[in-house]
1. Residues in the range 305-350 that are free of Cβ contacts under 8 Å to residues at least 24 places away in the same chain and in a loop (DSSP other than H, G, I, E, B): how many?
2. I'd like to verify a number: residues in the range 166-183 that are hydrophobic (A, V, I, L, M, F, W, C) and within 14 Å of ligand 1 (Cβ to nearest atom), how many?
3. I'd like to verify a number: residues in the range 70-92 that are within 16 Å of ligand 1 (Cβ to nearest atom), part of a helix (DSSP H, G or I) and buried (at least 21 other Cβ atoms within 10 Å of the Cβ), how many?
4. Restricting to the range 141-176, and then to whatever is buried (at least 22 other Cβ atoms within 10 Å of the Cβ) and polar (S, T, N, Q), can you tell me which residue is nearest to residue 221 (Cα to Cα)?
5. Of all residues in the range 229-249, which are touching a Phe, Trp or Tyr at 6+ places or on another chain (Cβ under 9 Å) and either farther than 18 Å from residue 109 by Cα or not polar (S, T, N, Q) (or both)?
6. Residues that are of a type outside the set (A, V, I, L, M, F, W, C), in a helix (DSSP H, G or I) and touching a residue at least 60 places away in the same chain (Cβ under 8 Å): does the range 184-204 have at least one?
7. Please go through the range 187-217 and give me each residue that is within 14 Å of ligand 1 (Cβ to nearest atom) and more than 20 Å from residue 123 (Cβ to Cβ), ordered by number.
8. Under 8 Å between Cβ atoms, which residue pairs at least 6 apart in sequence (or on different chains) link something in the range 15-32 that is polar (S, T, N, Q) with a partner that is in a loop (DSSP other than H, G, I, E, B)?
Amino acid sequence: MSKGVYIHIPFCVRKCLYCDFCSTGDHSLMKEYVNALINEIKEHKGTFADTVFIGGGTPTVLGDELIRVINAVKEAFRLEPSCEFTVEANPGTVDYNLLSKMKEAGVNRLSLGVQSFNDNELKALGRIHSAVEAKEAFLMARKAGFDNINIDIMLSTPHQTLESVKSTLEAVKEMNPEHVSAYSLIIEEGTPFYDMELDLPDEDTEREIYYYTVEYLKSMGLERYEISNFAKTGYEARHNIKYWTQEEYIGLGVAAASFENNCRYTNTCDIASYINGKRYDEREFIDKDEQLKEKFMLGLRMSRGVKYSGEFEETIEKLIAKGLLEKKDGFVHLTEKGFDLGNVVFMEFV
Ligand SMILES: C[S@@+](CC[C@H](N)C(=O)[O-])C[C@H]1O[C@@H](n2cnc3c(N)ncnc32)[C@H](O)[C@@H]1O
Ligand code: SF4
């Protein structure tokens, strides 16, 4: 069966204030990193793949070196003709020339980290681009031929109000993307946000923002197919669905995770060690019990839910009685209430 391929690019123009992804604004090892990464890609010569996701960090900071990585992937892997090939881009790092080259090289899906269409919110997040630049990046991507674009937005960020989210969503509607990911801000330990006094929306506003966003995106014709992901029919992210359905994937580059032969491997996040040949830091065998737990913890994130054949019967019946789960056509899935209280449901399977 064809696999998913994830490739991590650990460089950004500079770190956003909330981000704990493995990435750095120090580009001194960039060239050597790309060379080491291409060597790792070559190790997989002949492997069949039907989704590729180049993420980060900010893959587009590599400029033309990104095209080298894309070409190396095409040379090494046997990509299915219908392969979904996504690259993540920060709107402050793209121009028409680079987008056209990416498209020409075979990238057929672009994921733009917009976060907000309000400049004061973007500034508070430490983003490198303005709202106008985010719109320009989107329109340039369309012009370069991208007909499958995702926009990432963030909810409950500093200074956000229901009114400001409405204006972000109106701008999203104007762009008319095929896919939207809406993530609520998580304040991660070790990030500048963790130690800052932030002007965050209160709990009631947070709920309002969340409900308004879900309903607004649905009214745009985007179906909520996963807790934080909305897509037009046929544009669901196939690569991400592999994670939620426990299909095999190969992760290349620092911090990338792989899942193969019931093992999850996670590569080191240290760029210098990676360049010196170090690969995974962690190797975890996922036994049958763990696989079953993950089947529910990951699978229930999706609207379609999990194919059900009687596992965790007591837990499932309890969650059904609480109105959080529902059984239908041989599947068990979250109800509307279950979507809102996802964490309560997932805790039951830990
Ligand atoms: C790797 S980043 C995307 C691409 C690119 N690096 C960018 O930011 O433009 C993936 C997405 O995760 C989300 N994200 C990152 N850190 C987050 C946090 N602490 N809380 C919530 N969402 C977060 C953002 O929406 C971001 O676009
Ligand atoms: S959110 Fe994106 S651009 Fe910002 S630091 Fe994280 S990976 Fe880099």
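1. Going through the range 305-350 one residue at a time, the tally reaches 10.
2. Final tally of qualifying residues: 3.
3. Number of matching residues: 1.
4. Looking at the filtered set, the residue picked out is 150.
5. Restricting attention to the range 229-249, the residues satisfying the condition of being touching a Phe, Trp or Tyr at 6+ places or on another chain (Cβ under 9 Å) are 231, 236-237, 239-243, 246-249.
The answer is 231, 236, 237, 239, 241, 242, 243, 246, 247, 248, 249.
6. Let us first name the residues in the range 184-204 that are of a type outside the set (A, V, I, L, M, F, W, C), namely 184, 188-192, 194-195, 197, 199, 201-204.
Then keep just the ones that are in a helix (DSSP H, G or I); that gives 192, 194-195, 203-204.
After this cut, where a residue has to be touching a residue at least 60 places away in the same chain (Cβ under 8 Å) as well, the list is 192.
Within the range 184-204, one or more residues are of a type outside the set (A, V, I, L, M, F, W, C), in a helix (DSSP H, G or I) and touching a residue at least 60 places away in the same chain (Cβ under 8 Å).
7. 189, 190, 206, 210, 213
8. 23/10; 23/12; 23/15; 23/57; 23/58; 24/10; 24/12; 24/15
No lab work stands behind these numbers, since they all come straight from the coordinates. Fair warning: this is a prediction, and the values are worked out from it, not measured in the lab. Counting neighbours? That spans all protein chains shown, and the Cβs are built from the backbone with ideal geometry, glycine included.
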